[in-house]
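Take a look at the structure set out below.
A short reminder: the numbers here are calculations on the coordinates, not readings from a lab. These numbers come from a predicted model, not from an experiment.
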């Protein structure tokens, strides 16, 4: 078990959120995190796979995360060793049951869908046309025991039932024996909705997808920043700082 002595656990989406905003805003925020890493646990919660996250490590001044929740919540690894967090990864694997081929067969020929050119292990990812996608397609997935996560009017991820960014984050924090009261989540698209639905303190950045903002307006745990990307996260952290240890 990891010590729970962190005064901040920042669990943030990458594209549009941690990677969003101006170069100057990102540099200033990253420098702040680097100077306080002894008391900040940094978790990336992203749709990217591990290889795409690792490419960011080569950028000067880029903070190395302590943990990476990738593939829209279906993979969990240590940010330094890239080893899976076995307790949580096993939970995901047990639910998924190597269903990739089953999902592809189930959705073969469904209108408005095209496979993304990636092969994640615990999800199946499509592009979708919001004008063509049928409610019956989503119903078929649900009845077959899968969840569908849509975001940005473009991406559809078929997921293990009950698995997404938010539930995986909660499982990870529990496995590490970390204090939920010190956690803040940040995001910008609908696939981040489950992060905010955890009830943890949250920040939606100023460039967030309008459909996400519509779902967040009545959530008292979420700060809606007017600033984009990294600047929005920092503004939200300042807002929540009075309730952090």
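Taking Rh as the Kirkwood radius, which is the inverse of the mean 1/r over Cα pairs, what is the Rg/Rh value for segment 118-245? Intermediate results must be reported in sequence, preceding the final value.
Working: Rg = 15.9 Å, Rh = 15.8 Å.
With Rh from the inverse mean 1/r over Cα pairs, Rg/Rh is 1.00.
Taking the C-alpha atoms only, the angle from helix 165-175 to the longest principal axis of the chain is near 60 degrees.
For the chain, what does the helix formula give at 222 nm: sum of -39500 (n - 2.57) over DSSP H segments with n ≥ 4, over the residue count, nearest 500 deg cm²/dmol? List each step's numbers first, then the result.
On the way: 9 runs with 81 residues, N = 245.
Value at 222 nm, helices only, nearest 500: -9500 deg cm²/dmol.
Compared with the dominant Cα axis of the chain, that is its longest principal axis, helix 229-240 is turned about 60°.
Expressed as an acute angle from 0 to 90° and rounded to the nearest 10, what is the orientation of the C-alpha long axis of helix 86-96 relative to the principal long axis of the chain? Once rounded, one gets 20 degrees.
To the nearest µm²/s, what D does Stokes-Einstein give for the chain at 4 °C and 1.567 mPa s, using the Kirkwood radius over alpha carbon pairs as Rh? Don't jump to the answer; show the numbers that get you there.
Details: Rh = 18.3 Å.
Value of D from the Cα-based Kirkwood radius: 71 µm²/s.
Which whole number of Å³ per residue matches the convex hull of the alpha-carbon atoms in segment 98-160? Provide the component values of the computation, followed by the final result.
Working: hull volume 4.7 nm³, N = 63.
Measuring per residue, one finds 74 Å³ for the Cα hull of segment 98-160.
Shape summary: segment 71-182 maps onto an equivalent ellipsoid whose semi-axes, from the alpha-carbon gyration tensor, are 28, 14, 13 Å in decreasing order.
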